[in-house]
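The values are calculated or read from the model by the stated rules, or taken from the named source; none is laboratory data. This structure is a prediction, so every number in the text was calculated from the model and none was measured. Here Cβ is always computed from backbone atoms with ideal geometry, including for glycine, and neighbour counts include all displayed protein chains.
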Amino acid sequence: MSELDDLFSGNLDNKMDFLTEQKTSTNDGIYKVDLSKVKDKKKGWRSVVRFLPNLTPEGKLGQSAIEKISHYVDIKQEKELSGYFDSPKNFGEKCPLTDLYYTMLNSKNAILVEKAKQLKYSKKYFSYILVIEDEQQPELVGKILVYQYGKTIKDKILAEKNGDISGEPCNVFDITKGKDFVIVAKEIQTGDETYPDYKNSMFKPNTSTLSLYSKDKQTFKNVPLNDEGKIDPSIQAKVKDFLTDREVELEDFAPKKLEEKDFAKINEITAFLTGKTSSSFASKQSEVTSSDLGFDEDMTTGSESKVSSGSTDEDDFFDDF
């Protein structure tokens, strides 16, 4: 039967999926910590993952993590002005939203200081991970996904690299002697914001080789090492195939340069938040130094103290932002 038979028979019911509410797939290539799936709130979220090196489809090794600075404009009364923007700071360029934030915060105008809270900042890191255990999402076990994380987890990776925890330096991305990572997250609230706290997450004390997952047997098996402590060439191809068996590419999350339409929208945001034309406010912005991004935690609590942009103590206010 031809696919076009339905066209002439009037049998189009199976082409009306848009009328049916679709469930959001958890298998979109992104690993998300969703606290709404936690059954025991006291225990919180728990899963075990393994950070993986970035083996590109061309068989080359890329950076283990992609770093990205973003802003989220949260203007509830003007939804069309809200949205995410990759900061030009990613490319060493001046960021208009950074300048706008500091100008408003340092304006000594209580209204502008309050409105500055609608300009949120985030520095995030993206890496491949292998899901080893997940009490909340067992269907993801064995999958290679992209995990977005913030400064808390980045610092734990750095502490392992420096040997601050066990005294023995460890590159957790190493497939021959890395470490599994236990994600523990509990819900905390700061002001009106609720977000997961990852401070109790930790790497397991012992190093191990990468575990390969068998889809047929639904089991993991550690890659064996030869007498030289290396992965034997006879199984290296299998390891490479395993590392590239994924549904998304890490480079898809790299920062993107703002386009003309983005700058136009930022001008509208500036005009709306300041109550002035964007061109007249731009002259004030030029007085603000933003050579370093230094948003401290007061950014999300609306502190009216004068904030300097010279600090580099950046934290991840929203790990799921």
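For region 251-261, residues that are surrounded by 16 or more Cβ atoms within 10 Å (Cβ to Cβ) and at pLDDT 95 or above total 2. Among the residues of region 127-183, those identified as under 13 Å from PRO53 (Cα atoms), of a type outside the set (Lys, Arg) and surrounded by fewer than 18 Cβ atoms within 10 Å (Cβ to Cβ) are ASN171, ASP174, THR176.
This table checks each residue for (1) part of a helix (DSSP H, G or I); (2) out of contact with any His (no Cβ under 9 Å at 6 or more places or on another chain); (3) touching a residue at least 24 places away in the same chain (Cβ under 8 Å); (4) not small (Gly, Ala, Ser).
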{"site": "ASP99", "(1), (2), (3), (4)": "yes, yes, yes, yes"}
{"site": "VAL113", "(1), (2), (3), (4)": "yes, yes, yes, yes"}
{"site": "LYS120", "(1), (2), (3), (4)": "no, no, yes, yes"}
{"site": "LYS124", "(1), (2), (3), (4)": "no, yes, yes, yes"}
{"site": "SER127", "(1), (2), (3), (4)": "no, yes, yes, no"}
{"site": "GLU133", "(1), (2), (3), (4)": "no, yes, yes, yes"}
{"site": "GLU139", "(1), (2), (3), (4)": "yes, yes, yes, yes"}
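Could you run through region 77-97 and say how many residues are within 16 Å of LYS123 (Cα to Cα) and either hydrophobic (A, V, I, L, M, F, W, C) or assigned to a helix (DSSP H, G or I) (or both)? Qualifying residue count for the region: 7. Note on region 206-233: among residues that are basic (Lys, Arg) and either free of Cβ contacts under 8 Å to residues at least 24 places away in the same chain or in contact with a Pro (Cβ under 7 Å, 6 or more places away or on another chain) (or both), the one that is farthest from LEU52 (Cα to Cα) is LYS217.
Matching residues to (1) surrounded by 20 or more Cβ atoms within 10 Å (Cβ to Cβ); (2) within 15 Å of the chain's Cα centre (by Cα):
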residue: PRO88; (1), (2): no, no
residue: THR103; (1), (2): yes, no
residue: SER107; (1), (2): no, no
residue: ALA110; (1), (2): no, no
residue: SER122; (1), (2): yes, yes
